[in-house]
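Undergrad: Just passing along the structure, written as structure tokens.
What follows draws every value from the coordinates through simple rules; no lab data is involved. In this text the structure is predicted, and so the values were computed from the model without any measurement. Note that each Cβ is placed from the backbone with ideal geometry, even for glycine, and that neighbours are counted across all protein chains shown.
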Amino acid sequence: MSGDAVIEVDGVGVRFGGVHALDGVSLTVERGRTCGVIGPNGAGKTTLFDVVTGLRRPTSGTVRLEGRDVTGAGAVRRSRLGLRRTFQRPQVFGRLTVLDNVLTATEWHGGGGGLAADLVGLPARRRLERERRDRAAAVLDRCGIGDLRDAYAADLPIGQRRMVELARAIADEPSVLLLDEPTSGLDGDQAALFAEVVRGLEATVLLVEHDVGFVMSACERIVVLDLGKVIADGEPARIREDPVVRAAYLG
Ligand SMILES: Nc1ncnc2c1ncn2[C@@H]1O[C@H](COP(=O)(O)OP(=O)(O)OP(=O)(O)O)[C@@H](O)[C@H]1O
């Protein structure tokens, strides 16, 4: 196993009564790589995603992030290790503007010290706040929604809300990003832009997705699940040609 493995899933099993949703699943994603998980309905993709994000504790096996065992750790500890995620249904603050949605996801480094510090440090704090807003606006531009910065998130169609959620997730340059069905609700152009933004990130990315075309274009590596087991793991071109994958899934 590589010394620069950022996400390590090792021998993970999850059982629901008699159903083995996951059975001895192992995968490693190295720093800066983008890995997509595909598989037919019921293959175990969502369960695997929940195990990595900390929503579900596996029945067996371990999960490591940045070399640390987080198998029993909740979502908060994983977030402190730099993990950000998006959801199948985009989670945004509907009553905030698009820009404020991103600002709430970025850390404010200029606070503290009370009123006296506020007065003495006012020009410096104003400058820091301006820079923070500029950075947030640049993230919006990158996600193709720069002109929507003053719109309320609730007023946007799902595709644009998904881009707002992506902007929030990448605003603080996360080290690990997990994307759950990122293209659902996106049109073709938005999906292409989404893939481009993801390719441009330095983060280590794991995504679960039904749209095989998107996975092939956005990911350097694909893991195929079927009935809770990994049936293939490799580069997109190899996965496309793999007879086992074609028989089980691609048809
Ligand atoms: N909470 C649960 N209780 C019982 N069985 C579950 C539960 N969640 C998932 N399962 C079962 O575990 C298996 C894997 O489900 P999972 O949702 O992870 O698959 P999936 O690949 O995400 O499917 P889909 O593509 O339909 O979302 C399925 O057989 C499913 O019925």
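Undergrad: Once the Cα atoms of helix 122-142 and of the chain are each reduced to a long axis, what angle between those two axes, in degrees from 0 to 90 to the nearest 10, is obtained?
TA: Around 40 degrees separate the two axes.
Undergrad: Here's another thing I want to ask about it. Quick one: if the Förster radius is 25 Å, what FRET efficiency do Arg133 and Arg68 give, using the C-beta to C-beta distance and rounding to 0.05?
TA: Details: r = 34 Å, r/R0 = 1.35.
After rounding to 0.05, the efficiency reads 0.15.
Undergrad: What list do you get for Glu30, Glu241 if you sort them by fewest beta carbons within 10 Å?
TA: Working: Glu30 17, Glu241 11.
Fewest-to-most Cβ neighbours within 10 Å comes out as Glu241, Glu30.
Undergrad: Further, regarding this structure: Round to the nearest 0.05 the FRET efficiency obtained for Val19 and Leu55 when R0 = 22 Å and r is the Cβ-Cβ distance. Write out the running numbers ahead of the final one.
TA: Working: r = 18 Å, r/R0 = 0.80.
Result of the calculation: an efficiency of 0.80.
Undergrad: Now for a different question. Using unit Cβ charges (K, R positive; D, E negative) and no other charged atoms, how large, in debye to the nearest 20, is the dipole of the chain about its Cα centre?
TA: On the way: 33 positive and 35 negative charges, 139 e Å.
Here the size comes out at about 660 debye.
Undergrad: Hey, can you grab everything whose amide H is under 5 Å from the amide H of Glu30? Only 5+ residues off in sequence or another chain; H modelled, so Pro and N-termini drop out.
TA: Counting only residues 5 or more places away or on other chains, the set is Val6.
Undergrad: While we're on this one: Which value, in debye to the nearest 20, describes the size of the charge dipole of segment 91-171 about its Cα centre when Lys and Arg Cβ atoms bear +1, Asp and Glu Cβ atoms bear -1, and nothing else is charged? Provide the component values of the computation, followed by the final result.
TA: On the way: 13 positive and 11 negative charges, 21 e Å.
For this selection, approximately 100 debye.
Undergrad: Between beta-carbons, use under 14 Å as the cut-off and find the net charge around Thr97, counting Lys and Arg +1, Asp and Glu -1.
TA: On the way: positive: Arg95, Arg133, Arg149, Arg161, Arg168; negative: Asp100, Asp147, Asp150, Asp155.
Result for the local shell: +1.
Undergrad: Oh, and also: Under 10 Å, Cα contacts only: if you run a Gaussian network model on the chain, which one of Gly44, Gly18, Gly213 comes out with the highest mean-square fluctuation?
TA: Gly18
Undergrad: Can you run phi through the Karplus equation (6.51, -1.76, 1.60; θ = phi - 60°) for segment 181-188 and list ³J(HN,Hα) in whole Hz, with x for Gly and Pro?
TA: 6, x, 8, 5, x, 8, 7, x
Undergrad: Hey, another quick one. Picking from Gly146, Leu128, His20, whose Cα lies most toward the positive end of the charge dipole for the chain (charges on Cβ: Lys, Arg +1; Asp, Glu -1)?
TA: Going by the Cα projections, it comes out as Leu128.
Undergrad: Say each of Asp118 and Leu81 gets a label point 7 Å from the Cα, pointing the same way as Cα to Cβ; how far apart are those two points in nm?
TA: Here the modelled spin labels are 3.8 nm apart.
Undergrad: So for the chain, averaging the separation of alpha carbon pairs under 8 Å that are six or more residues apart and normalising by length, what relative contact order in percent results?
TA: Values: 465 pairs, mean separation 67.5, N = 251.
Reported as a whole number, the value is 27 percent.
Undergrad: Another question, if that's okay. By how many degrees, 0 to 90 and rounded to 10, does the Cα axis of helix 158-170 deviate from the longest principal axis of the chain?
TA: Its long axis makes an angle of about 80 degrees.
Undergrad: I need the phi-derived Karplus couplings for segment 31-47: 6.51 cos²θ - 1.76 cosθ + 1.60, θ = phi - 60°, integer Hz, Gly and Pro marked x.
TA: Rounded to whole hertz, the list is 3, x, 8, 10, 10, x, 10, 10, x, x, 3, x, 5, x, 4, 5, 4.
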